[in-house]
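Okay, so here's the structure we're looking at.
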Amino acid sequence: MAALALAFFVTALLYASVGFGGGSTYTALLALAEVDYRLLPLLSLACNLVVVVGSSVRFGRAGVTPWRGAILLTGLAAPAAFIGGLTPIGEAGFLALLGGSLVFTALSMLLPVAGGDPTRPTRFTRSMPLVAVPLGYLAGLVGIGGGIFLAPLLHLVRWNDARAIAATASLFILVNSLFGLAGQVVKNGPGRLGAAVELGLPLLVAVAVAGQVGSLLALKYLPQRWIRWGTAALTAWVGGRLLLNL
């Protein structure tokens, strides 16, 4: 458990520094540790919430959250995340979908961030709310917040500057994790949620501390490029391991 807690700490530190919760990698790490796959979304979403609550508050207090756009994207995705959490899925399909999503996400994070004036967005920016619904459903289905899918798209269309996108992803993950967790609890019962939290209490403590440090680094210290590359490398490694173990 100590090694797993350390892996969760590093994951939360990296992901929180770019506005993410880390749910996708938590789930993959738990799967590699051979934890019952039915507990994975519950524990990962709980860890997500612990990380992004602090991140969202910190970003909001710093005045970098673009509330109007962030609330629109999040409001469209949240009901779909609840439905995704309710959707039954087998172990093989769950792990394949998660592993493939991680590898795809890692590749997308290596794409160059669009430059230029964020107040002059590309012509695709207005269509971004349309992608919120499928991203929310996928997030609820595999037990993550979905910000790791949303943020690269926002960067590609120059939706806003890097810190505003990180703040938006953090809020997106927070709300989707709540709705996705609700769907998972309805599907599996509250007893399984209790078992997941009891099993993962050290992991929750680790990500709580790392999440606060990571969001502070994002606002004040580390270059975003370094953090993105480190997060992409970790995500690709875990996703690849997961797919190879199928």
Problem set entry | Residue order, fewest to most beta carbons within 10 Å, for 32, 42, 234, 130 | 130, 32, 234, 42
Exercise. Which order results if 231, 168 are arranged by neighbouring Cβ count within 10 Å, fewest first?
Worked result: 231, 168
Seminar exercise, completed: Rounded to the nearest 10, the angle in degrees between the Cα long axis of helix 40-61 and the longest principal axis of the Cα atoms of the chain comes to 30 degrees
For this session: Evaluate 2.2 N^0.38 Å with N set to the residue count of region 30-117, then give the Cα radius of gyration divided by it.
Result: 1.36
Problem set entry | region 37-75: trypsin sites (Lys or Arg not before Pro) in DSSP loop, at most 16 other beta carbons within 10 Å | 38
Problem set entry | Helix-only mean residue ellipticity at 222 nm for the chain, each DSSP H run of n ≥ 4 adding -39500 (n - 2.57), per residue, nearest 500 | -26000 deg cm²/dmol
Exercise. Once the Cα atoms of helix 2-16 and of the chain are each reduced to a long axis, what angle between those two axes, in degrees from 0 to 90 to the nearest 10, is obtained?
Worked result: 20 degrees
Exercise. By how many degrees, between 0 and 90 and to the nearest 10, does the Cα long axis of helix 128-142 differ from the longest principal axis of the chain?
Worked result: 20 degrees
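Bear in mind these aren't lab numbers, they're just calculated from the coordinates by the rules spelled out. Because the structure is a prediction, the values reported are computed rather than measured. As a convention, Cβ positions derive from the backbone with ideal geometry for all residues, glycine included, and neighbour counts pool all protein chains shown.
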